[in-house]
1. Between residue 325 and residue 182, what is 0.36 nm times their sequence separation minus the Cα-Cα distance? Round to one decimal in nm.
2. How far is it, in nm, from the label point at residue 214 to the one at residue 77 when both lie 7 Å from their Cα along the line to the Cβ?
3. Would you please give the residues with an amide H less than 5 Å from that of residue 270, counting only those at least 5 places away or on a separate chain, with H modeled from the backbone geometry?
4. So if R0 is 41 Å, what FRET efficiency would residue 30 and residue 56 give, r being the distance between their Cβ atoms, rounded to the nearest 0.05?
5. Quick one: Karplus J couplings for region 210-226, per residue in order, coefficients 6.51, -1.76, 1.60, θ = phi - 60°, nearest Hz, x for Gly and Pro?
6. Answer rounded, prolate or oblate for region 255-348, using the Cα gyration tensor with square roots of eigenvalues a ≥ b ≥ c: rounded when a/c is under 1.5, else prolate when a/b is larger than b/c, else oblate.
7. Hey, what's the per residue convex hull volume over the C-alpha atoms of region 35-98, in cubic angstrom?
8. Which whole-Hz couplings ³J(HN,Hα) result when phi for each residue of region 199-206 is put into the Karplus expression 6.51 cos²θ - 1.76 cosθ + 1.60, θ = phi - 60°, listed in order with x for Gly and Pro?
Amino acid sequence: MTQRYLPLIVGVWLVAGNAASQTRTTSVARTPDGHVDLQGTYDVATLTPLERAAGQPLVLTDDEAAKLEKQVADRKFRAGLPSKGDRDAPPVGGDGSPGAAGNVGGYNNFWIDNGTRYVMVDGRKRMSVIVDPPDGRIPPMTPQAQQRTASTGRVTRATSDEQAREDDPGLDPTPGAYDDPERRPLGERCLLGFGSTSGPPALPVLYNNLHQIVQTPEHVIILNEMVHDARIVRMNAPHFPSTIRKWMGDSVGRWDGDTLVVDTTNFTDKTRFRGATENLHVVERFTRVDAKTLLYRFTIEDAATWTKPWTGEYTWPATDEHLYEYACHEGNYALGNILRGARLKETK
């Protein structure tokens with residue numbers, strides 16, 4: 001959870017592909033079994049968001065991109081200036097700032113590493129990861145999904161006046177969310193990275209954006225920096241029975257020319273990617289663009305959640321940075337304090 005020049009906490013493995021790349025390329029490095037070598041470490045931090053605002057084009061001009069990137073750089077510089085030592089303490093209950101920092105300034109710019117550039121695909125910078133629908137927006141939810149997610153958002157629990165999001169992965173949505181550690185979200189328990197950083201689909205987040213790939217004839221391992229989430233893709237294998245379900249789903253892979261295609265099903269009902277059900281279906285395509293770049297493309301489908309499938313893509317640049325131990329909150333002290341805080345509030 002530090003910037004790239006500080007010791008990193010988590011490790012990530014990732015592979016990238018493109019539907020258009022279905023012919024065999026002879027100019028790229030290959031593994032002993034003849035397939036394109038996708039192995040390496042990649043830093044996927046980017047300023048490009050998943051969705052773009054209504055009416056915005058997919059592609060930025062060079063001048064537009066340079067202007068926006070400079071604005072971000074200037075803002076980060078100002079945010080990184082030393083704070084005044086004699087400043088007042090935050091007000092009781094926090095200062096009202098957004099985010100998961102408890103509204104007391106826990107996550108300032110020092111901890112954030114969300115990139116400095118917009119994604120470049122085919123030599124042009126992108127304003128969104130989503131490319132289909134063409135407007136760069138996630139399709140509308142089905143009436144069934146709208147009803148199912150109507151209660152998501154900030155809610156008050158029966159045993160504590162603390163607030164928790166019902167769509168936090170792994171959070172038990174019934175009253176008493178602070179009664180037991182097993183009822184807290186998976187990210188809070190340091191069991192799974194937040195924001196779909198581990199995937200699928202694997203998306204950029206505020207920090208810990210390194211991914212690393214290890215490749216054998218039988219398996220491809222995609223290691224995620226945050227929480228060391230490791231996806232093991234079983235090559236040319238059938239899916240597990242529907243009774244076997246996993247937080248990151250069951251991923252099976254195959255080669256389509258020089259593109260690695262990964263098909264993932266068998267999710268649990270705990271991860272709930274953007275409100276999806278356990279019937280979420282993700283198809284990823286990983287293609288080597290050049291010696292230092294992968295293109296990652298994914299298609300999302302869940303008929304019980306969205307009115308139609310949707311697709312995104314972005315490039316993953318290789319990096320010489322190393323993956324370091326992800327300690328999360330060392331010794332898991334934070335989780336105990338979270339529960340103690342809830343007990344203390346219940347006495348007042």
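1. 49.1 nm
2. 4.2 nm
3. Under 5 Å from the amide H of residue 270 lies no amide H from a residue far enough along the sequence or on another chain.
4. For R0 = 41 Å, the calculated efficiency reads 0.55.
5. Coupling constants for region 210-226: 7, 10, 10, 10, 10, 10, 10, x, 9, 9, 10, 9, 10, 9, 9, 4, 6 Hz.
6. Taking the square roots of the gyration eigenvalues as a ≥ b ≥ c, region 255-348 is oblate.
7. Convex hull of Cα atoms, per residue: 230 Å³.
8. Those phi angles translate into x, x, x, 7, 10, x, 10, 5 Hz.
Values quoted throughout were computed directly from the atomic coordinates according to the rules given, and no laboratory measurement underlies them. A quick note: this is a predicted structure, and the numbers were derived from the prediction, not measured. Every residue, glycine as well, gets a Cβ built from its backbone with ideal geometry; the counts of neighbours run over all protein chains shown.
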